[in-house]
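The block underneath contains the structure these notes are about, expressed in structure tokens.
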Amino acid sequence: MTAALATLLLAATPPSAGVADLAWLAGEWVSDVDGRWTEESWTAPRGGTMIGHSRSGRGDELREFEFLRIAVDGGAPAYIAQPGGGAPVVFRLAAHDAASATFENAAHDYPQRIRYVLSGDTLTATISAIDGSKARSWSYSRR
């Protein structure tokens, strides 16, 4: 095998991770800006799964909610979202390190990329198109 082929194969290999590697995401996260609030909660990994939910609104009005989970799907961790309790949409883990994770599904309309980054007690969640355009971010504090 040539060095160039080995490099290509390594680049095409999905990140080696388990659900437990994403334990840093566990907890209750809140954002409240100008009367708009968003809450996102994740359980600690157990049984190869993290269970989450998100809800957002303004004042006393709920505007959106979503059921979430991170579980092994196809041999690797995947972020499985059910906006409004609808059909599941799967985003595969594309990259991760000790304090960030990126999930992608290029076939989905929007978002195609979901990225979480933990910095201290601040969690930033960003959704975007696969090329990073149309980005929308939320910064959460740990509750």
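For region 93-102, give me each residue that is in contact with a strand residue (DSSP E or B) (Cβ under 7 Å, 6 or more places away or on another chain) and either exposed (fewer than 13 other Cβ atoms within 10 Å of the Cβ) or outside any strand (DSSP E or B) (or both).
99
In region 67-80, what residues are under 13 Å from residue 54 (Cα atoms) and without any contact (Cβ under 8 Å) to a residue 24 or more places away in the chain?
Hits for region 67-80 are 67, 69, 80.
All but one of (1) over 13 Å from the mean Cα position of the chain (by Cα); (2) modelled with pLDDT of 95 or more; (3) within 20 Å of residue 44 (Cβ to Cβ) hold for residue 87, so report the exception by its number.
(3) is the only condition that residue 87 fails.
What are the residues in region 119-129 that are farther than 17 Å from residue 77 by Cβ and either surrounded by 12 or more Cβ atoms within 10 Å (Cβ to Cβ) or of a type in the set (Val, Ile, Thr) (or both), if any?
Within region 119-129, 122, 123, 124, 126, 127, 128, 129 meet the criteria.
So, in region 24-54, exactly how many residues are under 13 Å from the mean Cα position of the chain (by Cα), among the aliphatic types (A, V, I, L, M) and either modelled with pLDDT under 95 or closer than 19 Å to residue 104 by Cα (or both)?
3
Please enumerate the residues belonging to region 103-118 that are hydroxyl-bearing (Ser, Thr, Tyr) and either crowded, with 20+ Cβ neighbours inside 10 Å or within 16 Å of residue 26 (Cβ to Cβ) (or both).
Across region 103-118, the qualifying residue is only 116.
Conditions (1) surrounded by 14 or more Cβ atoms within 10 Å (Cβ to Cβ); (2) over 21 Å from residue 121 (Cα atoms), marked per residue:
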site	(1), (2)
20	no, no
58	no, yes
85	no, yes
91	yes, yes
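Could you please let me know if residue 44 is buried (at least 19 other Cβ atoms within 10 Å of the Cβ), touching a strand residue (DSSP E or B) at 6+ places or on another chain (Cβ under 9 Å), under 25 Å from residue 141 (Cβ atoms) and in contact (Cβ under 8 Å) with a residue 12 or more places away in the chain?
In short, no.
Filter region 28-43 down to residues that are farther than 17 Å from residue 121 by Cβ and either in contact with a helix residue (DSSP H, G or I) (Cβ under 6 Å, 6 or more places away or on another chain) or hydroxyl-bearing (Ser, Thr, Tyr) (or both), then give me how many there are.
Selection size over region 28-43: 1.
Assess whether residue 138 counts as being surrounded by 15 or more Cβ atoms within 10 Å (Cβ to Cβ) and over 23 Å from residue 23 (Cα atoms).
Answer is no for this residue.
Scan region 39-70 for residues that are farther than 15 Å from residue 24 by Cα, in a strand (DSSP E or B) and touching a Phe, Trp or Tyr at 6+ places or on another chain (Cβ under 9 Å) and jot them down.
39, 53, 54, 55, 56, 57, 58, 68
The values are calculated or read from the model by the stated rules, or taken from the named source; none is laboratory data. None of the values given here were measured: they were computed from a predicted structure. Virtual Cβ from ideal backbone geometry, glycine too; neighbours counted across all protein chains shown.
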